[in-house]
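The values are calculated or read from the model by the stated rules, or taken from the named source; none is laboratory data. Keep in mind the model is a prediction, meaning the values are calculated, not measured. Here the Cβ positions follow ideal geometry from the backbone for every residue, glycine too, while neighbour counts run over all protein chains shown. Calculation scope for accessible area: heavy atoms of the full protein, side chains included, ligands and nucleic acids excluded. Shrake-Rupley method; radii C 1.70, N 1.55, O 1.52, S 1.80 Å.
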Amino acid sequence: MKILGIVGSTRKSEASGVHTLVQTVLNHTGCEVELVSLRGKTINGCIACLGCVKDNICKVKDDLAEMRDNIVAADAYVIGAPNYYSTLNAVTHAFVERWFQFRHQEGNLLWGKLAVAVGVGGTSGKYPADELEKFFLYNFIETVAKVTGQGAASCYSCGYGETCKVGIPTLLHGPGVKITEEMIPNVAKQPATMQAAAEAGKLLGKRLREGHDRMRVTQNMQQKLMTMFKHSA
């Protein structure tokens, strides 16, 4: 069983809470893993050209094209993204948006697979994790766990964090804040978050090794999606 890990943060790995959590999940799966960062890659959004309808292959020529085979070959995914305006950052959104290419004419290349959604934000990682779960659902992929953590908002290092009245340091710590290393959120120093990532990895690995039934998962996800549509109609 092979698991594909995707780090959607464009920060360097040593400064990215998303990278830390995705790597931690992967490390605890006990499976063959591959980790890919979207940092520096050019991945554009879907242009609605419908060029993928006949063969389920996207016709947009950018860095996603060379990743397609690995996406299809993986048995499960661990995808992480930072919180930008309470949603996914642009490159991660474009990455999963382009998975539209896999679903035409009952294309089942991704159906019934498993995933872990990871989100990190200056205040909360809930929103990007929830968005990833939604994208997984549309592809009939089961999200077995979501891992969220609080990371270092850019305000801590922009140079104006102590004086900006609407920056995260002021909003969290009050006016006149003096930024110290100890107050900057770091997922690696959050035991509960790191434990959640480890447990998510163990669960994902266990599900894959213990009779993973893609057909059953597909049916469950299809029913869940149909129920969601009925409630939103």
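A count restricted to segment 92-106 and to residues that are within 20 Å of LEU21 (Cβ to Cβ) and open to solvent by less than 20 Å² (accessible area, probe 1.4 Å) stands at 3. Within segment 136-168, restricting attention to residues that are among the aliphatic types (A, V, I, L, M) and in contact with a Gly (Cβ under 9 Å, 6 or more places away or on another chain), the residue that is farthest from ASN220 (Cα to Cα) is ILE168. Within the option set GLU34, GLU66, being assigned to a strand (DSSP E or B), surrounded by fewer than 20 Cβ atoms within 10 Å (Cβ to Cβ) and modelled with pLDDT of 95 or more holds for one residue only, GLU34. If you go through segment 73-90 and keep only what is in contact with a Leu (Cβ under 9 Å, 6 or more places away or on another chain) and buried (at least 23 other Cβ atoms within 10 Å of the Cβ), you end up with ALA76, TYR77, VAL78, ILE79, GLY80, ALA81, PRO82, LEU88.
Within segment 204-232, the set of residues being free of Cβ contacts under 8 Å to residues at least 60 places away in the same chain and assigned to a helix (DSSP H, G or I) comprises LYS206, GLN219, GLN223, MET226, THR227, PHE229, LYS230, HIS231, SER232. Residues in segment 149-169 that are β-branched (Val, Ile, Thr) and open to solvent by 60 Å² or more (accessible area, probe 1.4 Å) were compared, and the one that is nearest to the chain's Cα centre (by Cα) is VAL166.
Determine whether ALA129 is assigned to a strand (DSSP E or B), in contact with a strand residue (DSSP E or B) (Cβ under 8 Å, 6 or more places away or on another chain) and either under 18 Å from LEU4 (Cβ atoms) or open to solvent by 20 Å² or more (accessible area, probe 1.4 Å) (or both). In short, no. Here is the figure for segment 60-87: residues that are closer than 19 Å to GLU106 by Cα and of a type in the set (D, E, K, R) total 3. Restricting attention to segment 73-93, the residues that are farther than 16 Å from PHE135 by Cβ and not in a loop (DSSP other than H, G, I, E, B) add up to 1. Beta carbons closer than 6 Å, at least 6 apart along the sequence or on distinct chains, never pair a first residue in segment 165-184 that is at pLDDT below 95 with a second that is exposed (fewer than 10 other Cβ atoms within 10 Å of the Cβ). Within segment 180-201, the set of residues being more than 20 Å from GLY8 (Cα to Cα) and either under 21 Å from the mean Cα position of the chain (by Cα) or exposed (fewer than 15 other Cβ atoms within 10 Å of the Cβ) (or both) comprises THR180, GLU181, GLU182, MET183, LYS189, GLN190, PRO191, ALA192, GLN195, GLU199.
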